[in-house]
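Here is the structure we will look at.
The values are calculated or read from the model by the stated rules, or taken from the named source; none is laboratory data. What you see is a predicted model; the values in this text were computed from it and never measured. As a convention, Cβ positions derive from the backbone with ideal geometry for all residues, glycine included, and neighbour counts pool all protein chains shown. Heads up: the accessible areas ignore ligands, DNA and RNA and are worked out on the full protein's heavy atoms, side chains in. Shrake-Rupley method; radii C 1.70, N 1.55, O 1.52, S 1.80 Å.
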Amino acid sequence: MLARLNHSRLLRNAGLFTWAMVGCWLVNVRLDPAQVELLPGAADHPVELLIARWVALYLSFGAVYWWITRDLGQRSPGHVDHALLLVLTACAIGVSYFSSTGLGSILLMVAAGLLPWLLSLRVGVAWLVGGNLAITPVFIALDTSPLLALVQSLAYVGFSSLVFVTALVAKQQGQAREEQRRLNAELRATRLLLAESVRINERTRISRELHDLLGHHLTALSLNLEVAGHLSEGRVKEHVQQAHTLARLLLTDVREAVSQLRDNGVIDLAAALQPLAENVPALDIHMDIETPLTLDDPERAHLLLRCTQEIITNAVRHAGARNLWISARRERDCIAMSARDDGRGASQLVAGNGLRGIRERLAQYGGELDIETRPQAGFCLRLTLPTSAALIAANEGVVA
């Protein structure tokens with residue numbers, strides 16, 4: 001069972017279990033209500049009110065923790081996540097204040113497991129230390145000297161640091177596994193393109209050999225037999241003419257075989273791009289590629305492979321998308337590809353290294369890239385790539 005859980009799910013379940021165990025204090029209060037009357041502040045406030053506040057904060061902590069960890073590590077944290085983390089920390093501190101115990105520090109240890117996923121390292125460390133020091137007045141209220149209360153808070157900082165580092169290592173391992181998956185998918189797609197490229201080169205070599213060797217020799221043989229037909233007479237001439245006819249048929253067959261070898265040397269783009277869409281975490285990729293969609297230039301096929309990989313990476317890391325739709329069609333003498341996601345989008349497009357790299361690669365082969373985006377409407381990319389360099393030269397000639 002544990003083998004089916006990734007790092008983030010294990011941390012989430014462990015945090016929920018710890019939160020549930022903290023709730024055992026309610027059981028203790030239920031069994032011995034007199035203990036609540038001994039707590040600081042019980043003389044100034046009704047016991048039922050103290051318990052109600054404690055329970056409300058405790059349940060709020062569990063609800064917020066459950067919500068904020070539902071897809072931990074599978075999306076980029078936003079302002080809502082940071083606000084929920086602030087609520088989570090405030091609930092933990094409130095639990096300690098209203099229960100006059102160190103239970104809030106235990107809940108802060110649970111929250112410490114979220115800090116590496118939602119905050120930078122420096123901010124996370126500062127958040128961890130500040131949250132635990134905020135409970136120091138609770139320990140002072142329990143007839144503890146300020147120095148001893150501070151030491152006790154720092155002890156909980158140490159415990160929380162262990163949880164923090166464990167979560168940080170889990171995050172780094174998750175990122176390394178995702179990078180390994182991405183490289184593996186890219187390797188599989190590149191290997192397929194390489195195999196197709198080797199197959200095309202071999203077919204081209206064989207077709208050239210057939211054309212250069214057999215074609216030339218058969219042409220010379222046909223010419224010699226034609227001359228021999230004019231010089232011969234009788235039954236000899238009939239046999240020579242039959243040999244001439246067979247030589248011409250054989251030459252025609254060789255030419256047809258050479259043409260078929262050249263025409264069949266194409267790359268199936270659907271088979272090359274499909275591995276990139278497999279097992280991508282937190283993103284459902286919907287591939288709609290025309291069948292058959294072939295390309296006879298391995299370099300251009302590799303270019304489309306790189307562009308598709310970059311589109312998927314951007315959708316996962318930057319767009320915060322849940323779905324990505326990729327379609328590819330042949331339009332006249334070009335390959336047209338579109339990619340649309342349901343991410344956060346942007347009010348103003350700021351092209352990063354990935355998008356600039358896609359545009360530069362396409363421009364090198366005569367292609368174009370158009371980008372559309374709006375806030376909360378995702379990104380839409382449209383790529384066009386001529387199928388051969390001859391088409392580019394022809395279009396430039398027409399324009400000139």
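Of all the residues in segment 134-152, those that are under 15 Å from Thr89 (Cα atoms) and either hydroxyl-bearing (Ser, Thr, Tyr) or at pLDDT 90 or above (or both) number 1. When both residues are 6+ apart or on different chains and their Cβ atoms are under 8 Å apart, which pairs have a first residue that lies in segment 173-191 and is open to solvent by 60 Å² or more (accessible area, probe 1.4 Å), and a second that is at pLDDT below 75 and not aromatic (Phe, Trp, Tyr)? Listed pairs, sorted by first residue: Gln173/His7.
Taking the criterion of being of a type in the set (S, T, N, Q) and within 30 Å of the chain's Cα centre (by Cα), the only residue of segment 51-71 that qualifies is Thr69.
Quick check on my filter: what residues within segment 321-349 are buried (at least 20 other Cβ atoms within 10 Å of the Cβ) and among the small types (Gly, Ala, Ser)?
Hits for segment 321-349 are Ala321, Ala328, Ala339, Gly343.
Arg70 meets the stated requirement of being open to solvent by 40 Å² or more (accessible area, probe 1.4 Å) and assigned to a loop (DSSP other than H, G, I, E, B). Residue count for segment 365-388, restricted to those that are touching a residue at least 24 places away in the same chain (Cβ under 8 Å), open to solvent by 50 Å² or more (accessible area, probe 1.4 Å) and more than 16 Å from Ala328 (Cβ to Cβ): 3.
Applying the set (1) free of Cβ contacts under 8 Å to residues at least 40 places away in the same chain; (2) closer than 24 Å to Ser96 by Cα to Ser120 leaves exactly one unmet item: (2). For segment 257-268, the count of residues that are modelled with pLDDT of 70 or more, among the hydrophobic types (A, V, I, L, M, F, W, C) and in contact with a strand residue (DSSP E or B) (Cβ under 8 Å, 6 or more places away or on another chain) is at least one.
Contact map, segment 266-287: residues that are farther than 18 Å from Ala319 by Cα and without any contact (Cβ under 8 Å) to a residue 60 or more places away in the chain paired with residues that are open to solvent by 10 Å² or more (accessible area, probe 1.4 Å) and part of a loop (DSSP other than H, G, I, E, B), Cβ distance under 9 Å, separation 6+ or inter-chain. Pairs shown: Ala270/Glu290; Ala270/Thr291; Ala270/Pro292.
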